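For reference, the structure discussed in these notes is given below.
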Amino acid sequence: MAKLNLKDLNVTGKRVFVRVDFNVPLEEKDGQMVITDETRIKETLPTLRLLIERGAKTILTAHLGRPKGQREATMSLRPVAARLADLLGRPVAFVDDCIGEKVEQTAGALQNGDVLLLENVRYYNEEEKNDPAFAAKLAKVAELYVNDAFGAAHRAHASTEGVARLVAARGGQCAAGLLMERELKFLGDELDKAPRPFVVILGGAKVSDKIKVIDRLLEKADTIIIGGAMAYTFKLAQGFKVGQSLVEPDKTDLALAALAKAKQRGVQFLLPIDNTVATPVVTDKLNKKGKKIIDLNNPRTNAEPNITDSEEGVDIGPASAALFAKAISTAKTVLWNGPMGIFEDKRFATGTNAVAQAVVDATQKNGAVSIIGGGDSVKAINKAGLGSKVTFMSTGGGASLEFLEGAELPGVAALSDK
Ligand code: AMP
C-alpha cells in the first residue's frame, strides 16, 4: 500500500523526528575528523529544506559507522552538524547524546524552522536490537516521524522501526521523506510498470547474493545480462572451466534454475562470450585486514569458452561489452546492479565503464529510464563521471537489493498508509 509522504503532513510547529542517512566516510586530519564524501548529507537537503520552510522543529537522528554500543569519538556526528549548517546556511544544534534530559530540553526549546542533530544512535547497542525501552526514550521528543534513510530501511532498528511504531500508536503520523519517496518510486512503482523493452544488468561477486533478485526480475524483464564474478557460476553450471575465478560451485543448481526459467518465460539471458583474465600470484604483502595481497599479473583477453587452470576471470572482454551494449541500446527501461569486473583496479574497469556508457547512451539518446540499483554500480558510474546522466541512482546497498527482491522493508512497513 502507498505510504504517507512528508508533503502530506502538517508539520508547522511540530517536533518532527527524522531518521536520516548520515553514514558518511570520515578521515582523521591533524587530529580532526574530516568528511571525505558528503553525498549522503546533500541527498537529505530537499527533505530538510521543506521541513524548515514549513516551520517544523526538526530533530535528526542517524548512525555513523559501527561503534558497537561504545562512545567511539571517531564516529561522532558532530562534524556532520557543522557541515550540514554550512549546506543549509543556518545553525544546526547538536547534542552529544540521542536520548536523555539534555536532548529533551534542547528539543523542547526548538523554534519553528530550527534543526537539531542528535549524536550517533549506535552509541547504544539497544538501537540495533530495536529495544522497546530505548525506542521509547528516543520517541519522547517525537510528535511526527519521517524516515529518509532508505539505506537503513531494511533493518528493524529502534530509530528506523521502533520509534515509528510508537509514534503511530500515539496517533502521530509517520511518513516517507522526499529521498525515501524517490527510492520507493524508482525501485518499486517504476519497475512494476517499466516501459519495454526492460533490460536488467546484474554483476558483482556472488550469485547467492542476487539470486532472489534474478528470480523476481525474470518475471518482469525482457533481457537479463549477467557479468562480474557471478557469471562464472553460470559458466561452471554450463560445463565450462573457470580456472581460478571467483565462483560458487555449490550454487550451480541456482544458476541452472534461472537459465531454465528464462527459457520458459522467453527472457533473453546474456552471459559473457569472452573475458579478461589475469594470473593470480600470492605475495607476502598484507592488506588492511592482514590478509596476503594477491597480485593479478599478465592480463589478457580470453576469447576461448574455458579459462586456463592458472588464470582468473577479472572482467568481461571486449566482445561481451559490445554484445551487452547492443542489448542495452534497445532498452526503454534499464536497471543495473553490480560491476562487470574487479573495477576497483583500473585495468579491470573497462567492462564496467562500457556498460556505464551504454546505460548513459540509452538514457540520453533513446529516452530510456535508467535506474542504478545502489552499491558498487553507483560508485562505478560516479567514478566514470556519469552520475548526472542517468535517471536515478539509489542510495541504498543492501536495502536496494532487498527491495528489488520484493521484500517489504521494516522501515517502510512501519510508515503510515495513505
Ligand atoms: P557486489 O557487492 O556483489 O555487487 O560485488 C561487488 C564486488 O564484486 C566488487 O568489489 C568487484 O571487485 C567484485 N567483482 C566483480 N567481478 C569480479 C570478478 N570477476 N572477480 C572477482 N571479483 C569481482
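Checking residue 120 against (1) under 27 Å from residue 26 (Cβ atoms); (2) surrounded by fewer than 21 Cβ atoms within 10 Å (Cβ to Cβ), only one condition comes out false. Which one?
Every listed condition holds for residue 120 apart from (2).
Residue 336 is checked against (1) open to solvent by less than 10 Å² (accessible area, probe 1.4 Å); (2) within 15 Å of the ligand (Cβ to nearest atom); (3) part of a helix (DSSP H, G or I); (4) not charged (D, E, K, R) and fails just one. What number does that condition carry?
Going through (1) open to solvent by less than 10 Å² (accessible area, probe 1.4 Å); (2) within 15 Å of the ligand (Cβ to nearest atom); (3) part of a helix (DSSP H, G or I); (4) not charged (D, E, K, R) one by one, residue 336 breaks only (3).
Residues 179, 218, 202: which one is in contact (Cβ under 8 Å) with a residue 24 or more places away in the chain and closer than 30 Å to residue 4 by Cβ?
On the way: 218 fails: closer than 30 Å to residue 4 by Cβ; 202 fails: closer than 30 Å to residue 4 by Cβ.
Only one candidate passes the filter, namely 179.
Just give me the residues in region 53-64 being surrounded by fewer than 17 Cβ atoms within 10 Å (Cβ to Cβ) and either at pLDDT below 95 or not small (Gly, Ala, Ser) (or both), in sequence order.
The initial filter retains those residues of region 53-64 that are surrounded by fewer than 17 Cβ atoms within 10 Å (Cβ to Cβ), namely 53, 55.
Scanning region 53-64 gives a single hit, 53.
In region 252-278, which residue that is of a type in the set (A, V, I, L, M) and assigned to a helix (DSSP H, G or I) is most open to solvent (accessible area, probe 1.4 Å)? If you could, list the steps in order and put the result at the bottom.
Filtering region 252-278 for residues of a type in the set (A, V, I, L, M) gives 254-260, 262, 267, 270-271, 273, 277-278.
When the remaining residues are screened for being assigned to a helix (DSSP H, G or I), the result is 254-260, 262.
Numbers: 254: 56, 255: 0, 256: 85, 257: 58, 258: 6, 259: 38, 260: 60, 262: 2 Å².
So, considering only residues that are of a type in the set (A, V, I, L, M) and assigned to a helix (DSSP H, G or I), the one most open to solvent (accessible area, probe 1.4 Å) is 256.
Tell me, please, whether a residue that is open to solvent by less than 20 Å² (accessible area, probe 1.4 Å) and over 25 Å from the mean Cα position of the chain (by Cα) can be found in region 285-301.
Here is the first cut: in region 285-301, the ones open to solvent by less than 20 Å² (accessible area, probe 1.4 Å) are none.
There is no residue in region 285-301 that is open to solvent by less than 20 Å² (accessible area, probe 1.4 Å) and over 25 Å from the mean Cα position of the chain (by Cα).
For region 106-128, what are the residues that are under 15 Å from residue 85 (Cα atoms), out of contact with any Cys (no Cβ under 7 Å at 6 or more places or on another chain) and aliphatic (A, V, I, L, M)?
Those that are under 15 Å from residue 85 (Cα atoms), out of contact with any Cys (no Cβ under 7 Å at 6 or more places or on another chain) and aliphatic (A, V, I, L, M): 115, 116, 117.
Which condition does residue 355 not pass, out of (1) open to solvent by less than 60 Å² (accessible area, probe 1.4 Å); (2) farther than 18 Å from residue 205 by Cα; (3) in contact with a Phe, Trp or Tyr (Cβ under 9 Å, 6 or more places away or on another chain), if it passes all the others?
Status for residue 355: all satisfied but (2).
Quick check: anything in region 121-135 closer than 18 Å to residue 20 by Cβ, in the same structural domain as residue 157 (by TED's automatic domain parsing) and over 27 Å from the mean Cα position of the chain (by Cα)?
no
Could you tell me whether region 219-242 includes any residue that is in the same structural domain as residue 335 (by TED's automatic domain parsing), within 22 Å of the chain's Cα centre (by Cα), more than 29 Å from residue 122 (Cα to Cα) and in a helix (DSSP H, G or I)? Step through it out loud before you land on a result.
The first filter runs over region 219-242 and keeps only residues in the same structural domain as residue 335 (by TED's automatic domain parsing), leaving 219-242.
Those still in the list that are within 22 Å of the chain's Cα centre (by Cα) too: 220-221, 224-231.
Cutting the leftovers down to more than 29 Å from residue 122 (Cα to Cα) gives us 220-221, 224-231.
If we keep only those that are in a helix (DSSP H, G or I) as well, we get 230-231.
Yes: one or more hits.
Residue pairs, Cβ under 7 Å, 6 or more apart or interchain, first in region 333-353 and closer than 21 Å to residue 366 by Cα, second within 8 Å of the ligand (Cβ to nearest atom) and assigned to a helix (DSSP H, G or I). List them.
As it stands, the answer is 336/377; 337/377, since those pairs meet every condition given.
Could you check region 185-232 and list, in sequence order, the residues that are within 11 Å of the ligand (Cβ to nearest atom), modelled with pLDDT of 95 or more and hydroxyl-bearing (Ser, Thr, Tyr)?
Scanning region 185-232 gives a single hit, 232.
Please specify each residue of region 365-384 satisfying the condition of being among the small types (Gly, Ala, Ser) and under 14 Å from residue 39 (Cα atoms).
Matches in region 365-384: 374, 375.
From the list 380, 362, 399, which residue is closer than 21 Å to residue 148 by Cβ and either away from the ligand (no atom under 16 Å from the Cβ) or in a helix (DSSP H, G or I) (or both)? Let's see the steps before the verdict.
On the way: 380 fails: closer than 21 Å to residue 148 by Cβ; 362 fails: closer than 21 Å to residue 148 by Cβ.
Only one candidate qualifies: 399.
Given the structure, is residue 331 part of a loop (DSSP other than H, G, I, E, B) and among the aliphatic types (A, V, I, L, M)?
Details: part of a loop (DSSP other than H, G, I, E, B): yes; among the aliphatic types (A, V, I, L, M): yes.
Yes: the conditions hold for residue 331.
Just the residues that are small (Gly, Ala, Ser) and either within 20 Å of residue 375 (Cβ to Cβ) or open to solvent by less than 10 Å² (accessible area, probe 1.4 Å) (or both), please, taken from region 314-326.
Here is the first cut: in region 314-326, the ones small (Gly, Ala, Ser) are 317, 319-322, 325.
317, 320 - these are the residues of region 314-326 that are small (Gly, Ala, Ser) and either within 20 Å of residue 375 (Cβ to Cβ) or open to solvent by less than 10 Å² (accessible area, probe 1.4 Å) (or both).
Identify the single condition in (1) under 20 Å from the mean Cα position of the chain (by Cα); (2) assigned to a helix (DSSP H, G or I) that residue 165 does not satisfy, given that it satisfies every other one.
Unmet for residue 165, out of (1) under 20 Å from the mean Cα position of the chain (by Cα); (2) assigned to a helix (DSSP H, G or I): (1).
The values are calculated or read from the model by the stated rules, or taken from the named source; none is laboratory data. Bear in mind that the values here come from a model prediction, so they are computed numbers and not experimental data. Glycine gets a Cβ as well: all are built from the backbone with ideal geometry, and neighbour counts include every protein chain shown. SASA here: full protein model, heavy atoms, side chains in, ligands and nucleic acids out. Shrake-Rupley method; radii C 1.70, N 1.55, O 1.52, S 1.80 Å.
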